[in-house]
Structures are given as C-alpha cells and as structure tokens.
Amino acid sequence: MKKTFENIYLVGVFLFLFLPIAVLILFSFNTSRLNIVFEGFTLHWYQDLLQNRTLLESLGNTLIVAGISTVVSTVIGTISAYGLHKYNFKGKSLVNELLYIPVVIPEIVLGIALLSVYTLLRLELGLFTLILAHICFCIPFVIISVRSVLDGMDSHIEEVASDLGASRFQTFTKIMIPMLMPGILSGAQLSLTLSLDDVVISYFTAGPGANTLPLQVYSMIKTGITPDVNALITIMLGIVFILLTISTIVQLRRLKKEVTV
C-alpha cells in the first residue's frame, strides 16, 4: 500500500513538472491560433517563426547576453573561488557572507539596486548594462559551485606539485583546473540557465534595442502569446534534449572506460 502511494505520488510529481511542457509542444503544431483546443496538425507556425524578426532578434540578444555573461562570470568566479580558498586576508569572512546576498535577496531588489547604480554612473541602458547585470548575479553561483569542489580536495596537492618542479601557473592550469572542472562546468551551466530565463533583473537593466526573449514573451502576455513562440520554445527544448543526450552518452562511455581500466 505504501509503495503504491509512493508510485502515485512520483507519477503526480512528474506530470506536474512535464505535462505543461508537453502541452506547449503539442500546441506548437496546432492549426488554431488560440491555445485552447487542439484542432489539427500543422507546421505553419514554424514557417511564421522564420519571418518574425522581433522574436528572432530577442532570441539573438538572449544568446549574446547569456553567452558573454556565462563566460565572464565563470572565469571571474573560478579565479575568485580559488583565491578565497587559498589565501587568508582581512575581511575574508565578510566577503564570504556578501557572496550570498545576490543569491538570497529577491531579484526585484537587485534589479532596482543595479538600476540605481547605472543612474548614478549615467550609463545608458542597453545590452552592455544588461550583460553587466547578468555577470553580477551569476558570479556568486560559480564561486559557490567551485568552492564546493575545492573544499573536498586534498590541501597538499599543490605542495606535491611544487616539490616535483611545477610552477604556480603550471600547477593551476594543468592540475587544479582539470580537478575543478566539474565545479566549473556546474557553475557555468547554472549561470547559463539563470541568464537565459531571467525576467525581473533584465526588466530593470535592459534599454531600447536590448529586448531579450523572456522580456518579449512577458510583453506578449496581455495581448496573447502567439503559436510561433511555442514553436521557438519547442526547438529550444529539442536542442537541450540533444545536448543532454550527448552529455549522458559521453559520461557513460567515460565510466565504462574507468571500470574497464
């Protein structure tokens, strides 16, 4: 009886998570423009998507912002995590506490704060300010992810490398970076995800010509989201599914090699 209840609960959770996604994919092939009843199968909305310049431009802005902010925040976050872990200095405990502020505070607070800073600095809102904002809230996630790996590492690894003749640069690039790669990739993936779907902070820090896909979809809520948006999201989901499949296959092959060895 208990096992049956657990199975029903598990199925309910999966339905709650994935049923809306399945409905969205289904209605991307719907002949009706209204997302109410499925009337028939069509690929018309995928053709309309190619002609929707506004939607494609917002997608392009989203990819540019997410790509740049992910790369920059990953580099800065990795170096910062390594420095905070390796060196002791005055105010280190305060810095460690401040790192969690962008993570725990509401996004609207951070968005208004960044807008105030941009106003004081007289920066014109656009893609540049949007990228800076995304880097700002992505860096702490990378630091936390990388530091979790550093905390579990043997503290004598660098000393051994130094005794064997490796320079500090060689130790960091050829020993530490490969060992930190799981944390770095985890932080980068988290940053990319957060940047791609951010609405609140982007709303306060984006200017004219810097409209992102989440902001574009949000602006369409009052007038109604068109089916070509469903088509675009379906394509994005397909790409993510392919990447996840490739990643899983690579990991399984790597585990198989390790077991064989």
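The values are calculated or read from the model by the stated rules, or taken from the named source; none is laboratory data. Given the structure is predicted, the values throughout are model-derived calculations rather than measurements. Cβ coordinates were reconstructed from backbone atoms using ideal geometry, including for glycine residues, and neighbour counts include every protein chain displayed. These accessible areas exclude ligands, DNA and RNA; they are computed on the full protein's heavy atoms, side chains included. Shrake-Rupley method; radii C 1.70, N 1.55, O 1.52, S 1.80 Å.
Which aspartates and glutamates, on any chain, are close to LYS86 with Cα under 14 Å apart, when same-chain ones fewer than 8 places away are left out?
ASP151, ASP154, GLU158, GLU159
Nearest 10 degrees is fine. How inclined is helix 2-27 to the longest principal axis of the chain, computing both from alpha carbons?
The helix 2-27 is inclined about 60 degrees to the chain.
Quick one: helix 107-120 against the long Cα principal axis of the chain, what's the angle to the nearest 10°, folded into 0 to 90?
The two axes meet at around 80 degrees.
Taking only C-alpha pairs under 8 Å that are 6+ residues apart, what is the relative contact order of the chain in percent?
Reported relative contact order: 32 percent.
Tell me the angle of helix 177-196 to the major Cα principal axis of the chain, expressed in degrees between 0 and 90 and rounded to the nearest ten.
Orientation of helix 177-196: about 30 degrees from the principal axis.
Which whole-Hz ³J(HN,Hα) couplings does the range 142-159 yield from phi under the Karplus relation 6.51 cos²θ - 1.76 cosθ + 1.60, θ = phi - 60°, glycine and proline marked x?
Per-residue couplings from phi come out as 5, 4, 4, 5, 5, 5, 5, 6, 4, 5, x, 8, 5, 6, 9, 4, 5, 5 Hz.
Indicate the gyration tensor shape class of the range 135-261 (rounded, prolate or oblate), computed on the Cα atoms with a ≥ b ≥ c the square roots of the eigenvalues: a/c under 1.5 is rounded; otherwise a/b larger than b/c is prolate and the rest oblate.
It comes out oblate by the Cα gyration axes.
Leaving out ligands, DNA and RNA, what percent of the accessible area of the chain is carbon and sulfur, probe 1.4 Å?
70 percent
Rounded, prolate or oblate for the range 82-143? Axes are the square roots of the Cα gyration tensor eigenvalues, ordered a ≥ b ≥ c, and the cut-off for rounded is a/c under 1.5.
Prolate shape, in that a/c is at least 1.5 and a/b is the bigger ratio.
Nearest 500 deg cm²/dmol is fine: what mean residue ellipticity at 222 nm does the chain get from its DSSP H runs of n ≥ 4 alone, each adding -39,500 (n - 2.57), divided by its residue count?
Here the helix-only value at 222 nm equals -24500 deg cm²/dmol.
Residue by residue through the range 80-96, what is 3J(HN,Hα) from phi via Karplus (6.51 cos²θ - 1.76 cosθ + 1.60, θ = phi - 60°)? Round to whole Hz and write x for glycine and proline.
5, 4, 5, x, 5, 6, 8, 10, 10, 8, 5, x, 4, 4, 5, 4, 4
Between rounded, prolate and oblate, where does the range 1-93 land on the alpha carbon gyration tensor, with a ≥ b ≥ c its root eigenvalues, rounded for a/c under 1.5, else prolate if a/b exceeds b/c?
oblate
Magnitude of the Cβ-charge dipole of the chain, K/R +1 and D/E -1, about the Cα centre, nearest 20 debye?
The calculated dipole for the chain is roughly 320 debye.
What is the calculated FRET efficiency for PHE38 to LYS257, with r their C-beta to C-beta distance and R₀ = 41 Å, to the nearest 0.05?
Here the calculated transfer efficiency is 0.35.
Projected area of the chain, taken from the Cα convex hull and averaged over every viewing direction, in nm²?
Result: a mean projected hull area of 21.4 nm².
Could you give the accessible area per residue of the chain, probe 1.4 Å, as a whole number in Å²?
65 Å²
Over the Cα atoms of the range 51-177, how large are the radius of gyration and the largest Cα-Cα distance (Dmax), in Å?
18.7, 62
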